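Notes follow the structure.
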Amino acid sequence: MNNKKARAFFMIPYLTWIILFVILPILLILWYSLTDSNNHFTLNNFVTFFRNGTFLRMMLNSFWYAFLITLVTLLVSYPAAYFLTKVKNQQIWLLLIILPTWINLLLKAYAFIGILGNNGLVNKFLQLFGIGPVNILFTDFAFMFVATYIEIPFMILPIYNAIKEINPAVIQASEDLGASKWQTFRYVLWPLSWPGVESGIQAIFIPSLSLFMLTRLIGGNRVITLGTAIEEYFMTTMNWNMGATIGVVLIVLMIIVMLVTGRRQKRKKVNL
Amino acid sequence: MRLVAIFIFLGITMKIIELKHVNKRYDDGFVALKDINLEIESGKFYSLLGPSGSGKSTILRIIAGFTNPTDGKIYFDGKDITNLDPAKRQINTVFQNYALFPHLNVFENVAFGLKIKKVPMDKIKAAVRDALHMVRLDGYANREISELSGGQQQRVAIARAIVNEPKVLLLDESLSALDKRLRKEMQFELRAIQKKLGITFIFVTHDQEEALSMSDEIFVLNDGKIQQNGSPVDIYDEPINDFVARFIGDSNILPGRMIKDYEVEFANKKFQCADAGMRPNEKVEVVLRPEDLDITSPEKGKLVVTAQTQLFLGDHFEIKAIDADENEWLIQSINGCKLNERIGLYFDPEDIHVMRLHESQEDFDARLESYEGDDENE
């Protein structure tokens, strides 16, 4: 059997999968977003989305929360990943970081309800000092906290891998050339670890745009994002066309985020 | 500054780096350096030569500031810099595998140190142009590092270091990644660059040929200790001990006995030699360089040996022979010889290098001075 035919043969399962579960659903969403409930072609759904302040506010909200979650995760993960490359027994530390990702998201959410609730561990602890009970669950803070907790491993791992790949002599070369610790970070370590940071941001920012389970369970529906809106339209009001429209907008937003973070800077040429 | 200029004008060199009683023990207990004392003068080309694990790279890292000595002090221009940050030393390094910044192009790599120092852009451009010219990479400023060959990357690494006008340039096995021809070429070039800049180069290498061809002075290291220091010719001609004799060039080393001044016995025969200053009947080791041995007839030879193997190496033959006492002899000769036949070996008294066992560098230098002075009086 020649090579090309063999390759085509082995591609069949993957292609079938892609067509059935990726391309077809996206086409369906597009179809729903461009039709009304009587299957007539219309752009009204998009007009409604961009005319109606509520949708735009929801979109901004989604962006804002996704941005905050990504930022906080990055601020926690970058130093963690950096020091992880320096410690002994890196495999064990990595395992400890990966371990929570093996546990179902829903379980973790329920666990946090137990921890953060009015009769939860945190409030019991605070009561020892005569404080509370403080309302922690169903606040923006709780939502941010849990979302960050869940996303951290997905940020640490790519950054860890990127830093690990940097030749340590390059860091020494920077110091040798007179750079301070901060300058070495700014001009050498950060740009060289950027591919890891980029994958981390994409792995967190994009899914965070459409979080809906956490907004409901931990945020107590006080945080409304595009994700919650989509769920609302499909499951509650059964307006699939509007739900699909929000979905299409979300997909476009995600593509834009991918393009922006993946952009390579063009270098200026110098004339000596 | 003016004083320095006068000194340089007068040809008086100044001590720029000094290591005093430097010891280094790593966390795992490995002792890399044992009581190292060395002085580096400005404007010279030095080599730290030794096998891997001899401590040569550790000395370089201590001078650069990447490693702190366990004890001892490092002085730069008379100031104690033992605990000074690498960033604050007027020393730059060319790293073993160049350690160029892969995310920056040639210009940005070379300009890195100057940008850190906030030098104005027009001055940076001029300095980078000059540095690239010095390493013969004119017109390469906008190239990516990944587009360059190993030799070109090597040049960028040198330009990136010298553009900062350091007083001392450290080179860590900087030529070892290049192929043989390129390495030869770079040896000439490095030496030329050093002469042109007039700054001190300290070159770490395990390649004796590299050290011999480029250096003003060589420090031979083994086992964390300086074995010998001196000019390439001194070290080659008068090795202080069997390690140096074996490490630098090929050698025939035999046990011997000093009968009196200028007479030594080895291989059960007495020979005239050029060494003196030892006790009568003192046990010594004798070095004869293979290229100093000439093949002649058994009658004319000072020693008679039997050739066992012979290799033709292009510009000379390498012959392994054995004498009556079963001592092995390595001979490098322009002429070949017949195998399994007795041949004579001829050599001059100056070709015999006598080494005392466990002689310190100071005693060695003093002894050499005493009878080299004699030579001139004769």
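Coordinate-derived values only; no laboratory data. All values derive from a computational prediction rather than experimental measurement. Please note: Cβ atoms are built from the backbone with ideal geometry, for glycine as well, and neighbour counts cover all protein chains shown.
Expressed per residue, the C-alpha convex hull volume of the stretch B:261-303 stands at 87 Å³.
Gyration tensor analysis over the Cα atoms of chain A returns equivalent ellipsoid semi-axes of 36, 31, 21 Å (largest first, whole Å). Report note on the peptides B:168-177, B:317-326, B:359-368: ranked by the mean count of other C-beta atoms within 10 Å, highest first, their order is B:168-177, B:317-326, B:359-368. Among the residues of B:349-358, the average count of other protein chain beta-carbon atoms within 10 Å of the residue beta-carbon is 0. Most simply put, the protein assembly as shown has about 75% antiparallel DSSP beta bridges, counting only bridges with both residues inside it.
Past the 41 angstrom mark, what percentage of all C-alpha to C-alpha distances in chain B do you count?
Value for chain B (Cα pairs over 41 Å): 25 percent.
Think of the stretch B:2-237 as having a plus end and a minus end, set by charges on the Cβ of Lys, Arg, Asp and Glu; of B:Leu170, B:Thr205, B:Val106, B:Val106 sits farthest toward the positive end of this dipole.
Peptides B:78-89, B:36-47 ranked from most to least packed, by the mean per-residue count of other Cβ atoms within 10 Å: B:36-47, B:78-89.
Legend: helices of chain A (whole DSSP H runs) are marked when their alpha-carbon atoms reach 15 angstrom or more along the helix axis and their mean Kyte-Doolittle hydropathy is at least 0.0; marked are A:3-18, A:53-84, A:105-116, A:140-164, A:190-209, A:240-261.
Students often get this wrong: which residues of the stretch B:72-99 have the backbone nitrogen under 16 Å from the point 7 angstrom along Cα-to-C-beta of B:Lys15? Zone members listed by number: B:72-82. Remark: A:Arg263, B:Arg191, A:Arg186 ranked as A:Arg263, A:Arg186, B:Arg191, counting other beta-carbon atoms within 10 Å and listing the fewest first. Between A:Ala179, A:Ala203, A:Ala109, the Gaussian network model of chain A with springs among Cα atoms under 10 angstrom shows the greatest mean-square fluctuation at A:Ala179. Approximating the spin labels as points 7 Å out from Cα along Cα→Cβ, the A:Val76-to-A:Trp17 distance works out to 3.1 nm. For B:Leu293, nonlocal amide neighbours, meaning residues 5 or more places apart or on other chains whose placed amide H falls under 5 Å from its own, are B:Gln332. Counts of other chain beta carbons within 10 angstrom of each beta carbon in peptide A:165-174 average 6. Of all lysines in the structure, those lying under 24 Å Cα to Cα from B:Lys73, and not within fewer than 8 positions of it along the same chain, are B:Lys15, B:Lys20, B:Lys24, B:Lys34, B:Lys44, B:Lys56, B:Lys88, B:Lys167, B:Lys225. Residues whose amide H comes within less than 5 Å of that of B:Gly72, counting only those at least five positions distant or on another chain, are B:Asn23 (H built at 1.01 Å from N in the peptide plane). Scaling the Cα radius of gyration of the stretch A:1-73 by the globular reference 2.2 N^0.38 Å produces a ratio of 1.80. When B:Phe112, B:Phe101, A:Phe125 are arranged by Cβ crowding within 10 Å, least crowded first, meaning fewest neighbours, the order is A:Phe125, B:Phe101, B:Phe112. Cβ-to-Cβ counts within 10 Å put B:Thr200, A:Thr73 in ascending order as B:Thr200, A:Thr73, the fewest first.
For A:Trp102 and A:Asn44, the difference between the fully extended length at 0.36 nm per residue and the C-alpha to C-alpha distance is 16.6 nm.
Can you give me the relative contact order of chain A as a percent, contacts being Cα pairs under 8 Å and 6 or more apart?
That works out to 26 percent.
Legend: helices of chain B (whole DSSP H runs) are marked when their alpha-carbon atoms reach 15 angstrom or more along the helix axis and their mean Kyte-Doolittle hydropathy is at least -0.5; marked are B:106-116, B:121-134, B:150-162. Close amide H pairs (under 5 Å, H built 1.01 Å from N) link B:Gln308 with B:Lys320, B:Ala321, B:Ile322, B:Asn340, residues at least 5 positions away or on another chain. Put a dot 7 Å past the Cα of B:Ala192, heading toward its Cβ, do the same for B:Ser231, and the two dots end up 2.4 nm apart. Overall, the stretch A:50-261 carries a charge dipole of about 300 debye about its Cα centre when +1 sits on the Cβ of Lys and Arg and -1 on the Cβ of Asp and Glu, all other atoms neutral. For chain A, adding -39500 (n - 2.57) for each run of n ≥ 4 DSSP H residues and dividing by the number of residues yields -21500 deg cm²/dmol at 222 nm.
Highest mean first, the peptides A:17-25, A:156-164 sorted by other C-beta atoms within 10 Å per residue fall in the order A:156-164, A:17-25.
The modelled label-to-label distance for the pair A:Thr261/A:Asn239, using points 7 Å beyond Cα in the direction of Cβ, is 3.1 nm. Solvent-free Debye calculation, one equal scatterer per alpha-carbon of the protein assembly as shown: log10 I(q)/I(0) at 0.05, 0.06, 0.09, 0.11 Å⁻¹ equals -0.43, -0.58, -0.94, -1.16.
Farthest towards the positive end of the charge dipole of the protein assembly as shown, among the residues A:Ala244, B:Phe219, A:Asn104, is the Cα of A:Ala244, using unit charges on the Cβ of Lys, Arg, Asp and Glu.
Would you please classify the overall shape of the stretch B:59-138 from the alpha carbon gyration tensor, given that a ≥ b ≥ c denote the square roots of the eigenvalues, rounded means a/c under 1.5, and beyond that prolate means a/b larger than b/c while oblate covers the rest? Prolate, since a/c reaches 1.5 and a/b exceeds b/c.
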